[in-house]
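First up is the structure itself, then whatever we jot down about it.
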Amino acid sequence: MKKVVLAYSGGLDTSCAIKWLKDKGYEVICFIADLGQGENFEPVEARALAAGATKVYIKDLQDEFVNDFIVPALKAGAVYESKYFLATALGRPLIAKYLVEVAHKEKAQVISHGCTGKGNDQVRLEVTSGILDPSLEIVAPLRIWEFKSREEEIEYAKKHSIPIDVTKKKVYSIDRNLWGISIEAGILEDLETEPPEDAYLITQSPEKSPEKPKYVEVSFVKGVPVKLDGKSLDLKNMIDKLNVIGGEYGVGRSDLVENRLVGIKSREIYEAPAATILGMAHKELEALTLDRETAHFKDSVSLKYAELIYYGLWYSPLREALECFVESTQERVTGTIKLKLFKGVCSPAGRKSPNSLYKKELSTYGKDDTFDQKLAEGFIKLWALPYKR
Ligand code: ARG
């Protein structure tokens, strides 16, 4: 019997996929990755077994997610189309890495997932698996099975006693991890409509957020956040904490019509309070510590880096080469940034760094000015020289 390792979420699609794969003659092994989605995995595991899986792997990948994916993306300043901190996109290569690992352990020849044929995630999982082990086959049930609607899947699940939670009326499609939440479908497909409050899970509406601002201080060493409000904190816990604090102040929402890999535009909303706060703090610190040319060049690298993550090309030579560039820029990125959180807005409120390139004696308009203004005249002449007609 051919073995398949299925990326299992516990939802209707992947639960039906277990039974569907079994009927196609596969032995189904489920893999569940804990990326900080805050779920209780016990009922999920029970559901997988009840649906017909022979084995269920549950792996806590949060630390690896933080250290090997979130930190490099934060250092790189990777944000897709200016608004998306890439939480979902960053999680996929890690999940795929472990699907491949479990496949090797179980001597399975096939990998499977519950992604549809219209999304980015199928690409990310399959490209990664193909890079890590090209000999593995892929079966994507949702691209080929006969069900045309959610109702038909529910029918199928009922007929085959696949335990599903149909009481939960599914209004949106949600993907959640430590770095953020992606929410789409339902009313969000209507571009003329503001996202309803019930679409958001962890952020309060700015209108309802506290009337007084909150200040947080993040300290970095070489581009990595190490302290919150002066206290050393493990980054995973810092992210958890900032998601709560930022969420309370309505920080980290974004609403994006994005360009998908498969050629369509789609509307998705995101909640990423910690990513927003840490991303801004990191950018502010770079503004203080990087020289102009490095900073400007790095902006173009950020753009490409975000595209590569979005495109499923985490394990690509270019992403790895860019990581080396980014890493060398982070040597100087040490210091502390104070931020103000208020009514959905996160803004800088204080900056300091031992590597600061800001020299007050040069920029001041006060009496301590040491800038030699006479030099400017010659500089301007030479600067304009190539353009003299
Ligand atoms: N659009 C985002 C991406 O491609 C998120 C995809 C998953 N979204 C979801 N709501 N299930 O990375």
- Query: Has segment 364-372 got any residue that is without any contact (Cβ under 8 Å) to a residue 12 or more places away in the chain, in a helix (DSSP H, G or I), more than 21 Å from Pro72 (Cα to Cα) and more than 24 Å from the chain's Cα centre (by Cα)?
  - Reply: no
- Message: All but one of (1) under 28 Å from Leu99 (Cα atoms); (2) more than 16 Å from the ligand (Cβ to nearest atom); (3) without any contact (Cβ under 8 Å) to a residue 24 or more places away in the chain hold for Ala185; state the number of the condition that does not hold.
- Response: (2)
- Message: Any residue at all in segment 342-363 that's part of a helix (DSSP H, G or I), small (Gly, Ala, Ser) and within 29 Å of Ala376 (Cβ to Cβ)?
- Response: yes
- Query: When you look at Asn237, is it surrounded by fewer than 16 Cβ atoms within 10 Å (Cβ to Cβ) and closer than 30 Å to Gln330 by Cα, yes or no?
  - Reply: yes
- Among the candidates Ala306, Ala281, Ala272, which residue alone is at negative phi, within 13 Å of the ligand (Cβ to nearest atom) and in contact with a Leu (Cβ under 7 Å, 6 or more places away or on another chain)? Ala306
- Message: Checking Pro273 against (1) within 17 Å of Ala76 (Cα to Cα); (2) crowded, with 19+ Cβ neighbours inside 10 Å: exactly one of these is not met. Which one?
- Response: (1)
- Query: Considering Lys338, Lys343, Lys352, Lys298, which residue is out of contact with any Lys or Arg (no Cβ under 7 Å at 6 or more places or on another chain), surrounded by 14 or more Cβ atoms within 10 Å (Cβ to Cβ) and at positive phi?
  - Reply: Lys343
- For residues that are aliphatic (A, V, I, L, M) and part of a loop (DSSP other than H, G, I, E, B), scanning just segment 106-137, find the one that is farthest from Val56 (Cα to Cα). Leu136
- Failed condition for Lys168, given (1) within 16 Å of the ligand (Cβ to nearest atom); (2) modelled with pLDDT of 95 or more: (2)
- Query: Here are some conditions: (1) over 27 Å from Leu256 (Cα atoms); (2) in a loop (DSSP other than H, G, I, E, B); (3) among the β-branched types (Val, Ile, Thr). Val28 meets all but one. Which one does it not meet?
  - Reply: (2)
- Task: Among what's in segment 144-165 and is loosely packed, with under 13 Cβ neighbours inside 10 Å and not in a helix (DSSP H, G or I), pick the residue that is farthest from the chain's Cα centre (by Cα).
- Result: Ser161
- In the list Lys214, Lys227, which residue meets the criterion of being over 21 Å from Asn67 (Cα atoms), surrounded by fewer than 21 Cβ atoms within 10 Å (Cβ to Cβ) and of a type in the set (Lys, Arg)? Lys214
- Hey, among Val71, Val56, which residue is closer than 23 Å to Ile202 by Cα, aliphatic (A, V, I, L, M) and surrounded by fewer than 20 Cβ atoms within 10 Å (Cβ to Cβ)? Val71
- Query: Exactly one of (1) within 16 Å of the ligand (Cβ to nearest atom); (2) hydrophobic (A, V, I, L, M, F, W, C); (3) over 15 Å from the mean Cα position of the chain (by Cα) is unmet by Met238. Its number?
  - Reply: (1)
- Single residue of Glu217, Glu211 found to be under 18 Å from Ala275 (Cβ atoms) and more than 16 Å from the ligand (Cβ to nearest atom): Glu217
- Message: Looking only at residues that are out of contact with any helix residue (DSSP H, G or I) (no Cβ under 6 Å at 6 or more places or on another chain) and more than 19 Å from Thr128 (Cα to Cα) in segment 75-99, which one is surrounded by the most Cβ atoms within 10 Å (Cβ to Cβ)?
- Response: Tyr84
- Considering (1) of a type outside the set (D, E, K, R); (2) under 27 Å from Asp60 (Cα atoms); (3) within 15 Å of the ligand (Cβ to nearest atom); (4) buried (at least 16 other Cβ atoms within 10 Å of the Cβ), say which one Leu201 fails and leave the rest. (4)
- Message: Out of the residues in segment 309-326 meeting the condition of being in contact with a helix residue (DSSP H, G or I) (Cβ under 9 Å, 6 or more places away or on another chain) and among the small types (Gly, Ala, Ser), tell me which one is surrounded by the most Cβ atoms within 10 Å (Cβ to Cβ).
- Response: Gly312
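The values are calculated or read from the model by the stated rules, or taken from the named source; none is laboratory data. On a predicted model such as this, the values are computed, not experimentally measured, just so you know. Glycine also receives a Cβ, built like all others from the backbone with ideal geometry; neighbour counts cover every protein chain displayed.
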